[in-house]
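The values are calculated or read from the model by the stated rules, or taken from the named source; none is laboratory data. Small disclaimer: the values here were computed from a predicted structure and weren't measured. No Cβ is skipped: glycine too gets one built from the backbone with ideal geometry, and neighbour counts run over all protein chains shown. Keep in mind that these areas ignore ligands, DNA and RNA; they rest on the heavy atoms of the full protein, side chains included. Shrake-Rupley method; radii C 1.70, N 1.55, O 1.52, S 1.80 Å.
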Amino acid sequence: MLAKYRESEPVFILGVQKSGTTAIAALLSDATETPVTLDITRAISRPGAKTLRKYGVEDFGDFICRYRREFSRKIIREPGLTFDYQSLKEYFPKARFVMIMREPKDNVRSILNRLQVPDNLQWLDPEQWLELKRSPAWRINLDSSWLGHWPESYVDLLAYRWRLSAEIYFNEPEAFTLIRYENFLTDKKSTVENLAHILGFEVTAEILGKVDNQYQPKGKRVTDYASIMVKIFNILENSVQKVLEDSGIGESMSRENA
(Lines give C-alpha, C1' and ligand atoms only; values in the text may rest on other atoms or scores of the structure.)
Protein backbone atom coordinates (compact mmCIF):
# COMPACT_ATOMS: atom_id res chain seq x y z
CA MET A 1 0.00 0.00 0.00
CA LEU A 2 2.75 2.44 0.90
CA ALA A 3 4.44 1.97 -2.48
CA LYS A 4 1.77 4.03 -4.24
CA TYR A 5 2.59 7.04 -2.08
CA ARG A 6 6.12 7.08 -3.42
CA GLU A 7 4.68 7.91 -6.84
CA SER A 8 2.12 10.44 -5.63
CA GLU A 9 2.81 14.18 -5.71
CA PRO A 10 0.93 15.76 -2.80
CA VAL A 11 1.45 19.29 -1.55
CA PHE A 12 1.97 19.52 2.19
CA ILE A 13 1.07 22.83 3.82
CA LEU A 14 3.15 23.02 7.00
CA GLY A 15 3.70 25.52 9.81
CA VAL A 16 2.84 25.76 13.47
CA GLN A 17 -0.75 26.25 14.60
CA LYS A 18 -2.30 29.71 14.16
CA SER A 19 0.04 30.66 11.32
CA GLY A 20 -2.64 30.89 8.64
CA THR A 21 -2.18 27.38 7.31
CA THR A 22 -5.91 26.59 7.23
CA ALA A 23 -6.89 29.73 5.34
CA ILE A 24 -4.13 29.38 2.76
CA ALA A 25 -4.76 25.67 2.16
CA ALA A 26 -8.53 26.14 1.92
CA LEU A 27 -8.23 29.06 -0.50
CA LEU A 28 -5.65 27.17 -2.60
CA SER A 29 -8.10 24.28 -2.80
CA ASP A 30 -10.95 26.61 -3.78
CA ALA A 31 -8.90 28.47 -6.40
CA THR A 32 -7.70 25.29 -8.08
CA GLU A 33 -10.74 23.10 -7.32
CA THR A 34 -8.38 20.53 -5.85
CA PRO A 35 -9.30 18.14 -3.00
CA VAL A 36 -7.78 19.14 0.33
CA THR A 37 -7.27 17.67 3.78
CA LEU A 38 -7.48 20.54 6.23
CA ASP A 39 -6.89 18.44 9.33
CA ILE A 40 -6.34 14.78 10.07
CA THR A 41 -9.26 15.03 12.45
CA ARG A 42 -9.47 11.29 13.08
CA ALA A 43 -6.01 11.47 14.67
CA ILE A 44 -7.22 13.90 17.34
CA SER A 45 -8.53 11.00 19.41
CA ARG A 46 -5.01 9.50 19.42
CA PRO A 47 -2.81 12.43 20.53
CA GLY A 48 -0.29 10.02 22.05
CA ALA A 49 0.60 8.67 18.59
CA LYS A 50 3.45 11.19 18.36
CA THR A 51 5.03 9.66 21.44
CA LEU A 52 4.50 6.15 20.06
CA ARG A 53 6.33 7.11 16.87
CA LYS A 54 9.16 8.77 18.79
CA TYR A 55 9.89 5.54 20.65
CA GLY A 56 9.38 3.25 17.66
CA VAL A 57 6.17 1.67 18.92
CA GLU A 58 4.35 2.92 15.83
CA ASP A 59 6.03 3.50 12.50
CA PHE A 60 5.21 6.59 10.43
CA GLY A 61 4.10 4.23 7.69
CA ASP A 62 1.52 2.81 10.10
CA PHE A 63 0.28 6.34 10.68
CA ILE A 64 -0.10 6.92 6.92
CA CYS A 65 -2.00 3.66 6.46
CA ARG A 66 -4.31 4.41 9.36
CA TYR A 67 -5.22 7.78 7.82
CA ARG A 68 -4.81 6.82 4.17
CA ARG A 69 -7.98 8.67 3.15
CA GLU A 70 -6.56 11.97 4.38
CA PHE A 71 -3.16 11.28 2.79
CA SER A 72 -4.75 10.45 -0.57
CA ARG A 73 -5.74 14.07 -1.29
CA LYS A 74 -3.65 16.39 -3.44
CA ILE A 75 -3.33 19.16 -0.84
CA ILE A 76 -2.68 18.17 2.77
CA ARG A 77 -2.66 20.79 5.50
CA GLU A 78 -1.82 19.50 8.93
CA PRO A 79 0.36 21.54 11.33
CA GLY A 80 0.99 18.40 13.36
CA LEU A 81 3.01 17.03 10.43
CA THR A 82 5.47 19.94 10.45
CA PHE A 83 7.83 18.13 12.81
CA ASP A 84 7.45 14.93 10.77
CA TYR A 85 8.98 16.63 7.72
CA GLN A 86 11.85 14.14 7.38
CA SER A 87 9.43 11.19 7.47
CA LEU A 88 7.18 12.87 4.92
CA LYS A 89 10.14 13.21 2.55
CA GLU A 90 10.94 9.53 2.99
CA TYR A 91 7.44 8.25 2.28
CA PHE A 92 6.50 10.90 -0.30
CA PRO A 93 9.71 11.57 -2.26
CA LYS A 94 7.81 13.45 -4.98
CA ALA A 95 5.90 15.67 -2.56
CA ARG A 96 6.16 19.45 -2.56
CA PHE A 97 6.22 21.46 0.62
CA VAL A 98 4.90 24.87 1.60
CA MET A 99 5.96 26.47 4.89
CA ILE A 100 3.74 29.16 6.36
CA MET A 101 5.64 31.39 8.78
CA ARG A 102 4.13 34.02 11.05
CA GLU A 103 5.91 36.63 13.19
CA PRO A 104 6.61 34.72 16.42
CA LYS A 105 5.09 36.99 19.04
CA ASP A 106 1.91 37.32 16.98
CA ASN A 107 1.86 33.55 16.61
CA VAL A 108 2.20 32.96 20.34
CA ARG A 109 -0.34 35.66 21.14
CA SER A 110 -2.83 34.10 18.73
CA ILE A 111 -2.42 30.65 20.27
CA LEU A 112 -2.93 32.01 23.80
CA ASN A 113 -6.03 33.87 22.62
CA ARG A 114 -7.33 30.76 20.89
CA LEU A 115 -6.94 28.73 24.07
CA GLN A 116 -8.27 31.59 26.22
CA VAL A 117 -5.36 31.31 28.64
CA PRO A 118 -3.11 34.00 30.16
CA ASP A 119 0.58 34.42 29.41
CA ASN A 120 1.86 34.99 32.94
CA LEU A 121 1.60 31.51 34.45
CA GLN A 122 4.31 28.88 34.36
CA TRP A 123 2.14 25.82 33.75
CA LEU A 124 -1.46 25.15 32.79
CA ASP A 125 -3.64 22.47 34.32
CA PRO A 126 -5.76 21.25 31.36
CA GLU A 127 -8.65 20.50 33.69
CA GLN A 128 -8.87 24.17 34.69
CA TRP A 129 -9.05 25.62 31.18
CA LEU A 130 -12.06 24.80 29.02
CA GLU A 131 -10.35 24.81 25.62
CA LEU A 132 -7.61 22.49 26.87
CA LYS A 133 -10.04 20.27 28.73
CA ARG A 134 -12.05 19.53 25.62
CA SER A 135 -9.19 19.36 23.11
CA PRO A 136 -6.64 16.51 23.38
CA ALA A 137 -4.91 17.87 20.27
CA TRP A 138 -4.11 21.17 21.96
CA ARG A 139 -2.95 19.37 25.10
CA ILE A 140 -0.37 17.43 23.11
CA ASN A 141 0.68 20.70 21.44
CA LEU A 142 1.54 21.99 24.91
CA ASP A 143 3.81 19.01 25.51
CA SER A 144 7.20 19.15 23.82
CA SER A 145 8.77 16.19 25.63
CA TRP A 146 8.22 14.06 22.51
CA LEU A 147 10.37 16.65 20.69
CA GLY A 148 13.14 16.20 23.25
CA HIS A 149 12.50 19.62 24.81
CA TRP A 150 11.65 20.34 28.43
CA PRO A 151 10.53 23.97 28.62
CA GLU A 152 10.56 26.40 31.52
CA SER A 153 6.98 27.41 30.82
CA TYR A 154 4.25 26.94 28.24
CA VAL A 155 5.16 30.25 26.56
CA ASP A 156 8.74 28.99 26.33
CA LEU A 157 7.33 25.82 24.77
CA LEU A 158 5.36 27.74 22.13
CA ALA A 159 8.41 29.83 21.30
CA TYR A 160 10.46 26.64 20.92
CA ARG A 161 7.90 25.15 18.52
CA TRP A 162 8.07 28.30 16.39
CA ARG A 163 11.85 28.17 16.43
CA LEU A 164 11.92 24.50 15.45
CA SER A 165 9.52 25.01 12.54
CA ALA A 166 11.63 27.94 11.29
CA GLU A 167 14.78 25.86 11.51
CA ILE A 168 13.14 23.06 9.52
CA TYR A 169 12.62 25.57 6.72
CA PHE A 170 16.02 27.26 6.91
CA ASN A 171 17.84 23.92 7.00
CA GLU A 172 16.43 23.16 3.54
CA PRO A 173 14.94 26.36 2.09
CA GLU A 174 15.21 24.98 -1.44
CA ALA A 175 12.73 22.22 -0.54
CA PHE A 176 9.96 24.64 0.41
CA THR A 177 7.86 27.45 -0.94
CA LEU A 178 7.81 29.99 1.89
CA ILE A 179 4.71 32.10 2.54
CA ARG A 180 4.92 34.87 5.11
CA TYR A 181 1.54 35.20 6.82
CA GLU A 182 1.91 38.98 6.94
CA ASN A 183 2.31 39.09 3.14
CA PHE A 184 -0.76 36.89 2.78
CA LEU A 185 -2.80 39.39 4.82
CA THR A 186 -1.70 42.21 2.54
CA ASP A 187 -3.08 40.55 -0.62
CA LYS A 188 -4.73 37.19 0.01
CA LYS A 189 -6.01 36.59 -3.51
CA SER A 190 -2.68 37.28 -5.23
CA THR A 191 -0.71 35.31 -2.64
CA VAL A 192 -2.86 32.23 -3.12
CA GLU A 193 -2.98 32.47 -6.90
CA ASN A 194 0.80 32.98 -7.10
CA LEU A 195 1.27 29.96 -4.86
CA ALA A 196 -0.95 27.93 -7.17
CA HIS A 197 1.19 28.88 -10.18
CA ILE A 198 4.42 28.05 -8.33
CA LEU A 199 3.02 24.61 -7.49
CA GLY A 200 1.92 24.02 -11.07
CA PHE A 201 -1.82 24.22 -10.38
CA GLU A 202 -4.25 25.92 -12.71
CA VAL A 203 -6.41 28.62 -11.14
CA THR A 204 -9.93 27.68 -12.25
CA ALA A 205 -12.19 29.45 -9.74
CA GLU A 206 -12.58 32.96 -8.37
CA ILE A 207 -11.79 33.27 -4.65
CA LEU A 208 -12.18 37.01 -4.08
CA GLY A 209 -15.46 36.50 -2.25
CA LYS A 210 -13.88 33.93 0.07
CA VAL A 211 -10.62 35.55 1.11
CA ASP A 212 -12.08 37.01 4.30
CA ASN A 213 -13.75 33.81 5.46
CA GLN A 214 -12.82 33.03 9.08
CA TYR A 215 -11.41 29.51 8.96
CA GLN A 216 -10.24 29.44 12.58
CA PRO A 217 -11.45 31.21 15.75
CA LYS A 218 -10.00 34.71 15.64
CA GLY A 219 -7.82 35.90 18.50
CA LYS A 220 -8.02 39.34 20.06
CA ARG A 221 -5.41 41.75 18.65
CA VAL A 222 -3.02 42.93 21.34
CA THR A 223 -0.57 45.85 21.16
CA ASP A 224 1.06 45.44 24.59
CA TYR A 225 3.36 42.44 24.42
CA ALA A 226 5.40 43.31 27.50
CA SER A 227 5.01 40.04 29.38
CA ILE A 228 5.08 37.79 26.30
CA MET A 229 8.02 39.57 24.68
CA VAL A 230 10.41 38.94 27.56
CA LYS A 231 9.73 35.21 27.48
CA ILE A 232 9.84 34.92 23.71
CA PHE A 233 13.06 36.89 23.30
CA ASN A 234 14.76 34.83 26.01
CA ILE A 235 14.54 31.74 23.80
CA LEU A 236 14.63 33.35 20.34
CA GLU A 237 17.10 36.22 20.37
CA ASN A 238 20.26 34.15 20.84
CA SER A 239 19.69 30.59 19.66
CA VAL A 240 17.78 31.47 16.50
CA GLN A 241 18.96 35.00 15.74
CA LYS A 242 20.10 33.86 12.29
CA VAL A 243 16.65 32.39 11.64
CA LEU A 244 15.03 35.70 12.52
CA GLU A 245 17.46 37.73 10.43
CA ASP A 246 17.25 35.46 7.37
CA SER A 247 13.46 35.54 7.43
CA GLY A 248 13.26 39.31 7.87
CA ILE A 249 11.28 38.76 11.02
CA GLY A 250 14.08 39.85 13.32
CA GLU A 251 14.11 43.39 11.93
CA SER A 252 10.35 43.82 12.35
CA MET A 253 10.55 42.53 15.91
CA SER A 254 13.32 44.99 16.75
CA ARG A 255 11.38 47.91 15.29
CA GLU A 256 8.24 47.05 17.20
CA ASN A 257 10.16 46.55 20.44
CA ALA A 258 12.03 49.87 20.15
Efficiency by 1/(1 + (r/R0)^6): what FRET value for Leu2 and Ile44, r their Cβ-Cβ distance, R0 = 30 Å, to the nearest 0.05?
0.85
Sort His149, His197 by heavy-atom solvent-accessible area, probe 1.4 angstrom, most to least.
His197, His149
What the Cα atoms of the stretch 96-171 span along the principal axes, largest first and in whole Å, is 39, 24, 24
Taking a ≥ b ≥ c as the square roots of the eigenvalues of the Cα gyration tensor of the stretch 36-146, is the shape rounded (a/c under 1.5), prolate (a/b larger than b/c) or oblate?
prolate
Virtual spin-label span in nm between Leu124 and Lys54, 7 Å along Cα→Cβ:
1.8
Probe radius 1.4 Å, ligands and nucleic acids ignored: give me the carbon and sulfur share of the accessible area of the stretch 1-134 as a rounded percent.
48
Counting only heavy atoms of the protein chains, get the accessible area per residue of the stretch 82-204 (1.4 Å probe) and round it to a whole Å² value.
45
